[in-house]
Amino acid sequence: MKRKSVNRRTSGQALIITSLVIAMLLLSTVYYVFEIQRNVSKSETTADSTLKTVKPSTVNTIVSALANFTNGGEREVLASDLSRLSSTTENHFYGGQCHLQFTPLNLSPYQDGIWISWENNGLGISSADVNFVFNFSGPTATYYSEFETNVTTMLTLEGTYSSNGAEKNVNVTCTVYNENEPALANDIAMLYQNETDGPWIKADSTNSLNMIDYGNGTYLVSFKITMQSFLQVSANVHDLRDIFVLTNTTCIGV
């Protein structure tokens, strides 16, 4: 009888131990899954945070390159600056491997990522467009994103004149845009040409030059000249990012 009693206690202990082992295994499995999910979430958060830093950096880099080019720099400055950005991003990222690839747009009217249109139709455009691929590979997660960065300064120009004897009162309206949103100008130079193929003359205080800034990207420039056969005006503008744009238009008599 004692032997049977001992066997029952041994059997019961074995069941308890087996149950504890199973419970521990289940808890270990749950903890392991939780840790993996936490690490994946942490890695994805890190990569997403890096992407949020990279995107503004691509904008700033393109703005700098476009400002350089429109003020007389070389077209190659865009690719050079982007290469430096890519290298800096990859070399200063921790927590995994990061790759930033760029492709300047080469689809008309863009060439090597840049489009400049400074015409005589009252519309001036200075623009750059680049496609990016951002790759992140960490211990527990990978991240992939494609995005496009476009930087565009646009200028519209309209002009009229009225006669006051031999003198003409000229009124020109300039509107500046950044990425199709109204933007402020850092400076505006107004030039005029009052004979076909004649020299461009800068309007200044001797022409009673006056400028009204409406604070919404629109500027009204007025000045006086002695006009001969026709009047063409040119607005030369730097926006607050130092990107240069110009356009010309023929003024209409009113």
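Every read-out reported here was derived from the displayed coordinates using simple, explicitly stated rules and does not represent laboratory data. Bear in mind that the values here come from a model prediction, so they are computed numbers and not experimental data. All Cβ positions, glycine included, derive from the backbone under ideal geometry; neighbour counts span all protein chains shown.
With a 10 Å Cβ neighbour count serving as the proxy for reagent exposure, in which order, fewest first, do 239, 129, 197 appear? Mind dumping the intermediate values first?
On the way: 239 23, 129 19, 197 5.
By the 10 Å Cβ count, ascending, the order reads 197, 129, 239.
Below 8 Å, C-alpha to C-alpha, sequence gap of six or more: please give me the relative contact order for the stretch 155-253 in percent. Spell out each step's value before the answer.
Numbers: 226 pairs, mean separation 35.0, N = 99.
Value for the stretch 155-253: 35 percent.
What FRET efficiency, computed as 1/(1 + (r/R0)^6) with R0 = 22 Å and r the Cβ-Cβ distance, is obtained for residue 123 and residue 57, rounded to the nearest 0.05? All intermediate terms of the calculation are to be shown ahead of the outcome.
Working: r = 30 Å, r/R0 = 1.37.
Once the sixth-power term is evaluated, E becomes 0.15.
Compare the Cα positions of 253, 174, 159 along the charge dipole of the stretch 155-253 (+1 at Cβ of Lys, Arg; -1 at Cβ of Asp, Glu; about the Cα centre) and return the one farthest towards the positive end.
Result: 253.
Taking R0 as 45 Å, what's the FRET efficiency between residue 107 and residue 184 from their Cβ-Cβ distance, rounded to 0.05?
Details: r = 30 Å, r/R0 = 0.67.
It comes out at approximately 0.90.
For the residues 146, 158, what sequence is obtained by ranking on other C-beta atoms within 10 Å, fewest first?
Details: 146 9, 158 14.
Lowest to highest Cβ neighbour count: 146, 158.
Quick check on the exposure proxy: order 84, 241 from fewest to most C-beta atoms within 10 angstrom.
Details: 84 11, 241 17.
Sorted ascending by nearby Cβ count, the order is 84, 241.
Provide the gained length on full extension for the span residue 213 to residue 79, in nm with one decimal, where the gain is 0.36 nm per separating residue minus the Cα-Cα distance. Don't jump to the answer; show the numbers that get you there.
Working: separation 134, 0.36 × 134 = 48.24 nm, distance 3.59 nm.
Roughly 44.7 nm would be gained on extension.
Suppose the chain between residue 91 and residue 146 were pulled fully straight at 0.36 nm per residue; how much longer would it get relative to their current alpha carbon spacing? Walk me through the numbers before you get to the answer.
Values: separation 55, 0.36 × 55 = 19.80 nm, distance 2.01 nm.
Full extension from residue 91 to residue 146 adds 17.8 nm.
Please give the length that would be gained between residue 202 and residue 131 if that part of the chain were fully extended, namely 0.36 nm times their separation in residues minus their C-alpha to C-alpha distance (nm, one decimal). It would help to have the intermediate numbers written out before the result.
On the way: separation 71, 0.36 × 71 = 25.56 nm, distance 3.94 nm.
So the extension gain works out to 21.6 nm.
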